[in-house]
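Read through the structure below, which is laid out as structure tokens, and then see the notes.
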Amino acid sequence: MEVRRQIEVSGIVQGVGFRPYVYRLATGRHLKGTIRNTPAGVTIEIQGPAETVQDFVEHLPAEAPPLARITCLAVHDVPCNGDQEFRIVDSHEGEEVRTLISPDVAVCADCLAEMFDLNDRRYRYPFINCTNCGPRFTIIRDIPYDRPSTSMAVFPMCPACLAEYENPLDRRFHAQPNACWECGPRAELWDKSGRKLECRDPIAEAALLLQSGLVVALKGLGGFHLAVDATNPAAVALLRQRKHRVEKPFAVMVPDLQVAEEVCELDGPARTILQSMQRPIVLLKKKPSIISDQVAPFNRYLGIFLPYTPLHYLLLAEGGFKALVMTSGNLSEEPIAIDNREAVNRLDGLADHFLVHNRDILLRCDDSVVRVAGGIARQLRRSRGFVPVPVFLKDNQPSVLAVGGELKNTICLTKDKNAFLSQHIGDLENVESYGFFHEAVEHLERILEIRPEIIAYDLHPNYFSTKWALQQTGVKLVGVQHHHAHIASCMAENHLEGRVIGFALDGTGYGTDGHIWGGEVLIAGYKDFERAAHFEYVPLPGGEAAIREPWRMAVSYLAHHFRPEFLKSELLKFDIPFVRQLNQAKVDLLLRMIEQSVNSPLTSSCGRLFDAVSALVGIRQQVNYEAQAAIELEMAISESEDETGYPLELLPNGPGWIIGTRPLFVSLLNDLGNNLPAAAISRRFHNGLVEGFVQLATLLCNQTTLRRVCLSGGTFHNLYLSQRLETRLSDVGFEVFVQKEVPSGDGGLSLGQALVAAATMQP
Ligand code: ZN
Ligand code: ZN
Ligand code: FE
């Protein structure tokens, strides 16, 4: 008996080879019917013997093409008709075809095999791609996603490419960036002033330059990289010096999994993530290897990734490189350069040569960074490979634009059940990043066709994103507290509703009392929150300067807890190495500032507590990059069985609690006085925080009966703290939720802002 079923598939199913895939799946089973693109995705009608149709439906999601992402599959019975075959049909006239856009992904195995095949017409072609791989997001100018609205528009396809493009059974059917030697983009080698160098093989030439220790700027998928040979210490040092990047770790591209195993400790999940088509940078434990120590000094981890463009593969193979430093083509925190001429100007003095090409990058997109915990990748920077795949939400949302925070900015647009986070935009205090912020808002609204009714922003009056939001008219503006947004972000990606206990731990966030928050425990839902507990306030002497110079925080804490004995020069009588090395004049000045409340805002920041401890134990008095003191404190943790933890005290504060740090410092100073090494002290500090938090969560659970705990904020990038706290909370019966899909740091803030703002619209 024949049946006919209509299957509506939504998600990322256009421009990813979905229709040819369904065509093969249907014709292989001798089924009849049609498939067409629709605004939500595709609609399939499938007709044939009931059993075969059932088999088709079951296989449909399982074998979908690699880039497809099915979010919903609805099957209905419909009456049979006279179809004699299976056909790919045009979308209905006038029906607006709108669908999710795929991210840029790594070159696939089929394309790689062709590229290294002497007999293939694309032998060594650095821009080979197909429906399953290559650029997407970064070459789109507008929708619908068709060749004329991409930066491939200027390359008319040759007859051979066009034949592939038009053949539903070809791997390149409707692959918009399809190209070959005949018709597509080409690579060129330029000197530092942007003059084209005549050479037969620019990639081979660039490999020679890298081998000789020079810095080469490479145009990739989402922007330029600056590359040097990672096994050559002099080359790495040269890059650091030119980039004014003192100690911040560089990421390293290794040719294959085998080399990855030689330089880092890999487990199953790490191997999978490294090889995934998103090809993020993965932070992994370093092994002693041929990679220069200059690459990631004072760090137990190394960020490594595998090649992801055909050009990377050619370059690594050509030079026989074991590892290339590949860092964003920019000066310190500026956005990554994307245009050839822009790169020559902006990377002037940084790069010796430029390996460029003439396929324009329309939207910059940095490499994504993840780390692996409990077998699962957790985003530290969600960008290339992931954007613009939405975070799928539990419920429909109004159209909101959330503009994020100040540092590691991302924006978020919501529509229906999708939250589209932008790529990493960067630190907005930087003029160039601010321009990129505008571009991203404009571009995402256009390609996603979202006209926001609401704009959500951080409460900090001086954030550029906030100032921008407050200038917008004709929309509802909703200010969202920073730590509330962190917890809402965690709730959103975990599809939670109702209220939770939220630990929002980070460096800086503007509080509703005007102080700088950062060690916050909230009882929160999307709509509102109560501040159930926070770290006790201490002065942040010098404001921003205290963030750059952790010794200031150490002095602030000592003065706060042990005054009056240690005030002013008295502090110097405290006999620990930290105090002995202090500059008396500087300390006096600092203490005067604190005493007179000059430029010394109060903070409950968890990040600053880490800074103080890092300085006290002698790890880091000044930082060269954000969170360096805290990161190095984590790296210092001894691998021992020591379960000791420095105690915190919970002091009643109205209906909530203050997390007092005095006992912590008493014990820590005691250990310092007894010459306990920094490694042991760091461990005890971390352990103590975890025990204090578990105790606090238990208290709050007794008060509220809530058993779900959300962990968010940049402090949870600390793996030791995060994993230990998750384990301990679960052990005592809490349900623990963390951030995986979006960063727990400020890169994930916009998601939470959007959900909070949307909730305020509900009655
Ligand atoms: Zn491919
Ligand atoms: Zn061609
Ligand atoms: Fe934050």
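The values are calculated or read from the model by the stated rules, or taken from the named source; none is laboratory data. The model shown is predicted, which means the values in this text are computed figures rather than measured ones. Positions of Cβ are generated from backbone atoms using ideal geometry, with glycine treated the same way; all protein chains shown enter the neighbour counts. The accessibility values were calculated without ligands, DNA or RNA, using every heavy atom of the protein model including side chains. Shrake-Rupley method; radii C 1.70, N 1.55, O 1.52, S 1.80 Å.
Odds and ends about this structure:
- Relative contact order for region 621-663, counting Cα pairs under 8 Å that sit 6 or more residues apart, in percent: 24
- Exposure ranking of LYS740, LYS243 by accessible area [1.4 Å probe, largest first]: LYS740, LYS243
- Qualifying lysines (Cα of each under 19 Å from Cα of LYS467; at least 8 residues distant if same chain): LYS408, LYS476
- Dipole moment magnitude, nearest 20 debye, region 2-88 about Cα centre, only Lys, Arg, Asp, Glu C-beta charged: 320
- Residues with amide H under 5 Å from that of PHE86, placed H, sequence gap 5 or more: GLY33
- In summary, the lysines within cross-link reach of LYS287, defined as a Cα separation below 17 angstrom excluding same-chain residues under 8 places away, comprise LYS322.
- Rounded tilt (10° steps) of 18-27 against the dominant C-alpha axis of the chain: 50
- With every protein chain in place, the chain: carbon and sulfur % of accessible area (1.4 Å): 51
- Based on Cα atoms of region 607-651, Rg over Rh with Rh as the Kirkwood radius reads 1.03.
- For LYS394, a cut-off of 22 angstrom between C-alpha atoms picks up these lysines, skipping any fewer than 8 places away in its own chain: LYS415, LYS417, LYS527, LYS740.
- Based on C-alpha pairs under 8 angstrom that are at least 6 apart in sequence, the chain has a relative contact order of 11 percent.
- Within-12-Å neighbourhood charge of ASP256 [Cβ basis; K, R +1; D, E -1]: 0
- By the helix-only formula, in which each DSSP H run with n ≥ 4 contributes -39500 (n - 2.57) and the sum is divided by residues, the chain has a 222 nm mean residue ellipticity of -9500 deg cm²/dmol.
- With a cut-off of 10 Å between beta carbons, the residues surrounding ALA377 carry a summed charge of +2, where Lys and Arg count +1 and Asp and Glu -1.
- Near GLU188, the amide H atoms lying under 5 Å from its own belong to VAL356, HIS357; only residues 5 or more places off or on other chains count, and H is placed 1.01 Å from N.
- In the calculated pair-distance distribution of region 187-370, the portion above 27 angstrom amounts to 20 percent of the Cα-Cα pairs.
- Packing order of peptides 65-71, 368-374, highest average first: 368-374, 65-71 (average count of other Cβ atoms within 10 Å over each peptide's residues).
- Over the chain, accessible surface divided per residue gives 37 Å², non-protein components excluded, 1.4 Å probe.
- Over the Cα atoms of region 2-88, the radius of gyration divided by the Kirkwood radius equals 0.92; this is the Rg/Rh ratio.
- A Stokes-Einstein calculation at 4 °C with viscosity 1.567 mPa s, built on the Kirkwood radius of the chain over Cα pairs, returns a diffusion coefficient of 47 µm²/s.
- Paired Rg and Dmax values of region 685-763, which use every Cα atom, in angstrom: 14.1, 45
- Near ASP201, once Lys and Arg are set to +1 and Asp and Glu to -1 for all other residues with Cβ below 13 Å from its Cβ, the sum equals -1.
- Highest mean packing first, where packing is the average number of other Cβ atoms within 10 Å per residue, the peptides 305-317, 717-729, 120-132 line up as 305-317, 120-132, 717-729.
- Centroid-to-centroid separation of region 141-184 and region 740-763 [C-alpha atoms, Å]: 37
- Mean Cβ count within 10 Å, highest first, over the residues of peptides 633-644, 231-242, 133-144, 741-752: 741-752, 133-144, 231-242, 633-644
- Eigen-decomposition of the gyration tensor built on the alpha-carbon atoms of region 249-299 gives equivalent ellipsoid semi-axes of 18, 11, 10 angstrom, largest listed first.
- Euclidean distance between Cα centres, region 305-327 to region 382-422, Å: 31
- Among the cysteines of the chain, those with no neighbouring cysteine Cβ under 4.7 Å are CYS72, CYS80, CYS111, CYS130, CYS161, CYS180, CYS199, CYS264, CYS365, CYS412, CYS606, CYS701.
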